[in-house]
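Written below as structure tokens is the structure these notes are about.
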Amino acid sequence: MREELQSRCETIEEAYEFMLAYAAQGLQGDGGTQTGGQLREFLTRAATALTGLGEVFESLIETEGLEPAGSYRAYGAVLDRDAHDSLAAVELVLAQPSISSQLIDNLNASIHLRALLTDLFLIDELLTSQTAAARTE
């Protein structure tokens with residue numbers, strides 16, 4: 001489960017990094033450009049990674065016996081909500097016939113996406129700290 005969560009996090013972070021670069025290009029739309037096609041690929045992969053992200057974290061709590069489980073589950077609910085909200089925004093952008101740099105800049109600035117990224121960074125740090133602590137025991 002840990003590898004699944006890590007893979008999804010990396011996919012979401014890579015999409016975000018690509019979107020930052022796309023937003024900086026000042027494009028009026030994504031039609032007919034290689035970068036535009038790549039943008040839709042990154043967004044589609046991010047949408048797939050976002051789908052069920054909360055359930056993956058819940059499974060990780062169970063399989064690894066993370067304690068205190070109640071605290072992890074409560075944060076899992078936050079992660080799940082932020083993932084759903086971010087997914088709705090990504091799917092809305094993907095549904096557009098043309099995606100401009102400005103639209104992606106607005107998606108990047110979305111509080112939902114920023115909250116999700118912060119969630120992922122926090123979880124990564126928690127799991128990394130746990131792994132390091134387990135090694136020293």
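The values are calculated or read from the model by the stated rules, or taken from the named source; none is laboratory data. This is a predicted model, so every value here is computed, not measured. Ideal geometry is used to build each Cβ from the backbone, glycine not excepted, and the neighbour counts take in all protein chains shown. Please note that ligands, DNA and RNA were not included when accessible areas were found on the heavy atoms of the full protein model with its side chains. Shrake-Rupley method; radii C 1.70, N 1.55, O 1.52, S 1.80 Å.
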At 7 Å along the Cα-to-beta-carbon direction for both residue 25 and residue 126, put a label point, then send me their distance in nm to one decimal.
3.7
Degrees, to the nearest 10: 111-136 long Cα axis against longest axis of the chain
30
Each residue of segment 87-103 in turn: what ³J(HN,Hα) in whole Hz from Karplus with 6.51, -1.76, 1.60 and θ = phi - 60°, glycine and Pro shown as x?
4, 4, 5, 5, 5, 5, 5, 4, 6, 7, x, 9, 10, 7, 4, 5, 4
Give the calculated FRET efficiency between residue 62 and residue 94 to the nearest 0.05, with a Förster radius of 41 Å applied to their Cβ-Cβ distance.
0.80
Scattering profile of segment 1-135 at q = 0.22 Å⁻¹ [log10 I(q)/I(0), Debye over alpha-carbon scatterers]:
-1.25
Taking one equal scatterer on every alpha-carbon of segment 13-61, how large is log10 of I(q)/I(0) by Debye at q = 0.17, 0.24 1/Å?
-0.57, -0.86
In whole percent, the fraction of accessible protein surface over the chain that belongs to carbon or sulfur atoms, probe radius 1.4 Å, stands at 54
Averaged per residue, what accessible area in Å² does segment 1-58 show with a 1.4 Å probe, protein chains only?
52
